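Beneath this line is the structure, given in structure tokens, with notes to follow.
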Amino acid sequence: MNPNSKIYVAGHTGLVGSAIIRKLKKKGYENLIVREYPSLDLTRQEDVEEFFKKEKPEYVFLAAARVGGILANNTYKADFIYDNLAIALNVIHSAYKYGTKKLLNLGSSCIYPKLAPQPIKEEYLLKDYLEPTNEPYAIAKIAAIKLCRYFNEQYGTNFISIMPTNLYGPNDNFNLETAHVLPALIRKFLIAKYLSEKNYDSLIHDIQKFPSGFGYNFDPKKNTTSDLLNFLEKIGITANVVTLWGTGTPYREFLYVDDLADAGVFLMENYDYKTIGELINVGTGKDSTIAEIATLVKRITGFNGEIRWDKTKPDGTPRKLLDVSKLNNLNWKSSINLEQGIRLTIDWYYSQIK
């Protein structure tokens, strides 16, 4: 890529896409193409082909996806598999059809078997069964990897796939129903802190700024503060206690999203499919239990209450640590540790609700 290359970032308003945009701009890339939904619906083949025919992007970062945590994945199974399959099919095929020089497909570590040996190497893909709670999403992501591989093999394209570990950071999804674990933890503890301080103005502003999920929408003309407190108590957030799903024993690895964007741009600039192969992991190579992470978030947010675990709810995969030696051997390593990343994310969060 050069500063004038025509670069399309699909999903530019999301967690990953916005970080890629920040990184590209910081490195001096100026000819960036973005489209917001609904002006471009990536699940509609005709619309995607028309966009690629008109714009003919030279480079594509495929960061668009329907995403969510265990609850969302387990609730909206058909939506997750359909939308993500459609996005991958339409974007990857159009990139081939209209001459894109290189495409980076963003995958997910959930593609790997539930009980894969740890740390997880790239070659463990499809060696065993998937975690049931996110199987629809994982199948769609595996299909995207295979699409890239087979277009490369049949048509000589240069489409690469990267598999990040769990991501978090600015522009994450903080919906209490559909968020991944770390943004959900951050928001739950911040809300609990508002409650403990009786800071109801900030609490209401928070609920109005970020969706609460569960079909609840706070309307000051219709709802009282008591209504809001009752809703939060029902989902396990009070002034003294935050109730979390599962046992807290599963291990998870987290990568700050700007590190992921740095890795993605690094690979697009320096390596191709013949070097990387079918896929390459991106992570920190370090993990912690959910209980340890929850305790860390609790401390950083300043909530002084209790953590309780609802053991009737699922834990998901017991451990999911990526082997990142392949990427490290290409001279790339993450630079932002978990506590730094959480603090940066909370700073961004506060900036959005002021």
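Report, for the chain, the % of DSSP beta bridges that are antiparallel, rounded to 5.
Roughly 10 percent of the beta bridges in the chain run antiparallel, per DSSP.
Is the shape of segment 103-260 rounded, prolate or oblate, going by the alpha carbon gyration tensor and its root eigenvalues a ≥ b ≥ c, with a/c under 1.5 for rounded and a/b larger than b/c for prolate?
Judged from the Cα gyration tensor, segment 103-260 comes out prolate (a/c at least 1.5, a/b above b/c).
With each pseudo-label sitting 7 Å past Cα toward Cβ, what's the N270-K326 distance in nm, one decimal?
That separation, rounded to one decimal, is 1.7 nm.
Can you put Y200, Y29 in order of Cβ neighbours within 10 angstrom, beginning with the fewest?
Lowest count first: Y200, Y29.
Looking at segment 55-176, I'd like the Rg to Rh ratio, where Rg is from alpha-carbon atoms and Rh is Kirkwood's inverse mean 1/r.
For segment 55-176, the value is 0.97.
Restricting everything to alpha-carbon atoms, can you work out Rg to Rh for segment 204-243 with a Kirkwood hydrodynamic radius? It would help to have the intermediate numbers written out before the result.
Working: Rg = 10.0 Å, Rh = 10.6 Å.
Radius of gyration over Kirkwood radius for segment 204-243 works out to 0.94.
Can you pull the percent of Cα pairs in segment 52-91 with separation above 13 Å?
The calculated P(r) of segment 52-91 puts 60 percent of pairs beyond 13 Å.
Select from F61, F214, F51 the residue whose mean-square fluctuation is largest in a Gaussian network model of the chain (Cα-Cα springs shorter than 10 Å).
Greatest mean-square fluctuation among the candidates belongs to F214.
Which order do peptides 310-319, 81-90 fall in by mean Cβ count within 10 Å, highest first?
81-90, 310-319
Go ahead and run the numbers for FRET between L115 and N304, Cβ-Cβ distance against an R0 of 56 Å, rounding to 0.05. All intermediate terms of the calculation are to be shown ahead of the outcome.
Details: r = 38 Å, r/R0 = 0.67.
The calculated FRET efficiency here is 0.90.
Tell me the net charge near F174. Cut-off is 11 Å between Cβ atoms, F174 excluded, with +1 for each Lys or Arg and -1 for each Asp or Glu.
0
Please say if segment 288-354 is rounded, prolate or oblate, where rounded means a/c under 1.5 for a ≥ b ≥ c the square roots of the C-alpha gyration tensor eigenvalues, and otherwise the choice is prolate for a/b larger than b/c and oblate otherwise? Walk me through the numbers before you get to the answer.
Working: a/c = 2.67, a/b = 1.24, b/c = 2.15.
Since a/c reaches 1.5 but b/c is at least a/b, the shape of segment 288-354 is classed as oblate.
From the C-alpha gyration tensor of the chain, pull out the three semi-axes of the equivalent ellipsoid (sqrt of 5λ each), sorted largest to smallest, in whole Å.
Taking √(5λ) for each Cα gyration eigenvalue gives 35, 23, 19 Å.
Can you give the translational diffusion coefficient of segment 71-142 in µm²/s, computed by Stokes-Einstein from the Kirkwood radius over Cα pairs at 25 °C and 0.890 mPa s? Intermediate values should be presented prior to the final figure.
On the way: Rh = 13.4 Å.
Diffusion coefficient, whole number: 183 µm²/s.
Only Lys, Arg, Asp and Glu count, each charged at its Cβ (+1, +1, -1, -1), so figure out the dipole size of segment 210-270 about its Cα centre, rounded to 20 debye. Each step should come with its number before you reach the end.
Details: 4 positive and 8 negative charges, 105 e Å.
Approximately 500 debye in magnitude.
Gain in length, Y124 to K56, computed as 0.36 nm per residue apart minus the alpha-carbon separation, to one decimal in nm?
Computed gain between Y124 and K56 is 21.0 nm.
With label points built 7 Å along Cα→Cβ from the Cα atoms of Y251 and E292, find their separation and express it in nm.
Roughly 0.8 nm, to one decimal.
Looking at the calculated P(r) for segment 1-126, what percent of the C-alpha pair distances fall above 27 Å? If you can, show how the numbers build up before the last one.
Working: 1947 of 7875 pairs.
When every Cα pair of segment 1-126 is considered, 25 percent fall beyond 27 Å.
Using Cβ contacts closer than 10 Å as the measure, can you line up S94, S39 from fewest to most?
Exposure proxy ranking, most exposed first: S39, S94.
Given the Cα atoms of segment 242-282, and with Rh set as the inverse mean 1/r over their pairs in the Kirkwood sense, what is Rg to Rh to two decimals?
1.22
Would you mind working out the magnitude of the charge dipole of the chain relative to its Cα centre, with +1 at each Lys and Arg C-beta and -1 at each Asp and Glu C-beta, to the nearest 20 Debye? Before the final figure, lay out each step's value.
Details: 44 positive and 40 negative charges, 66 e Å.
Charge dipole, the chain, about its Cα centre: 320 debye, nearest 20.
Need one number: nm distance between label points at N199 and K25, each 7 Å from Cα along Cα→Cβ, rounded to one decimal.
Distance between the two pseudo-spin positions: 2.8 nm.
Over all alpha-carbon pairs of segment 150-197, lay out the pair-distance distribution in 10 Å bins, whole %, shortest bin first.
It works out to 22, 30, 18, 17, 9, 5, 0, in whole percents.
Every number in this text was worked out from the coordinates using simple rules, so none of it is lab data. Just so it is clear, the model here is predicted, and its values are computed rather than measured. Please note: Cβ atoms are built from the backbone with ideal geometry, for glycine as well, and neighbour counts cover all protein chains shown.
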